[in-house]
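Here's the structure we're looking at; comments come further down.
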Amino acid sequence: MKRKKLLISLISVFAVVAVVVVACGIYVSDYYRAETEVFANASAHKNITRNINEDGNVVYEPDNPIAGLIFYPGGKVEYTAYEPLMALCAEKRILCVLVEMPFNLAVFDMNAADGIQGKFPEIEKWYIGGHSLGGSMAASYISENSDAFEGLVLLGSYSTEDLSDIGLKVLSVYGSEDKILNREKYDENKTNLPDDFTEIVIEGGCHAYFGMYGNQEGDGTPTITQSEQIEITAEKIAGFAGD
C-alpha cells in the first residue's frame, strides 16, 4: 500500500513538472518576430559596418564613433527587430551593440552587457538602454555598474531601481498612443530617475514602433509610421549621447 501511494505521488509530481515544462515551452516559443523588411532597411546604410559577434549580438559600427550604446530588446520580441533603430543610431556615429537574449527575455540575462565594452576600447563614452522589459533590465544592470556608463536610455520603459543619485544621464522616450506601458507604474517610478532626466513623448507613437515586429496585442493605434517613430527615436538618442 505504501509503495502504491509513493508511486501515485511520484506520478503526480512528474505530471505537474511535465505540465509546467510544456507551458513554459509554449510561452517562450510565442514571441514577436522581426519583419522581413528589417534586414533590407538596416543594410541600406552606408559607411557602417554590421557584424554578428560570437555571442550572437549584432554590432553596427560607424566610422569614427563618438559613443557606444548597448541595447536590450523588449520582452518576447526577436532582437533583430531593432536593427533599423541601431542602424540609424550608427548613422549618427553611435556604435550600437544589439544584444541577443535567451528566449527573447532580458530577465534571463540581465548581465548580458558584461565584457562588451572591452571589445571596443576606442569608445570612451558608453550608454546602455532598452525597450520595455529590456529597458528595465538595462536599468537594473546600470544600477550595479554605474561607473562604466554615462547614462541610460529607456524606450517605453521605466526603472524599478533607484538611480536618482548615481550621477547618470537618463533619457526616457515613449509614444503618446502607447497602451502597453503601465503609465501608473511609469509615473510612480519617475522618482527613481535623476531630477534632470530627459523625457520625450513621441506624438502619435505607440509601444511596438520602436522596433519592426508589427502590431503588439493591446497597444494603441499609432498615427505615425514605424519608420517615422524609429527615425525620431534615433535622432533623440544621438542628441542625448552626443552631448
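The values are calculated or read from the model by the stated rules, or taken from the named source; none is laboratory data. Quick caveat, the model's predicted, so the values are computed rather than measured. Reconstructed Cβ throughout: ideal geometry from the backbone, glycine too, with neighbour counts over all protein chains shown. We work out accessible area using only protein heavy atoms, side chains counted, and drop any ligands, DNA or RNA first. Shrake-Rupley method; radii C 1.70, N 1.55, O 1.52, S 1.80 Å.
Here is how the numbers come out for the structure above:
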quantity: Failed criterion for GLU231 (all others in (1) open to solvent by less than 10 Å² (accessible area, probe 1.4 Å); (2) in contact (Cβ under 8 Å) with a residue 60 or more places away in the chain hold); calculated: (1)
quantity: Single residue of region 145-163 satisfying the filter (over 19 Å from ASN182 (Cα atoms) and in contact (Cβ under 8 Å) with a residue 24 or more places away in the chain) that is nearest to the chain's Cα centre (by Cα); calculated: LEU152
quantity: Extreme residue, surrounded by the fewest Cβ atoms within 10 Å (Cβ to Cβ), among residues of region 91-126 that are assigned to a loop (DSSP other than H, G, I, E, B) and among the acidic types (Asp, Glu); calculated: GLU122
quantity: Matching entry among TYR209, TYR213, TYR174 (being open to solvent by less than 60 Å² (accessible area, probe 1.4 Å) and part of a helix (DSSP H, G or I)); calculated: TYR209
quantity: Count - residues of region 66-83 that are open to solvent by 10 Å² or more (accessible area, probe 1.4 Å) and of a type outside the set (S, T, N, Q); calculated: 5
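Here is a yes/no grid of residues against (1) under 21 Å from ALA67 (Cα atoms); (2) without any contact (Cβ under 8 Å) to a residue 60 or more places away in the chain; (3) in contact with a Phe, Trp or Tyr (Cβ under 7 Å, 6 or more places away or on another chain):
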site: PRO84; (1), (2), (3): yes, no, no
site: ILE94; (1), (2), (3): yes, no, no
site: VAL99; (1), (2), (3): yes, yes, yes
site: PHE103; (1), (2), (3): no, no, no
site: ALA113; (1), (2), (3): yes, yes, yes
site: ILE123; (1), (2), (3): yes, yes, no
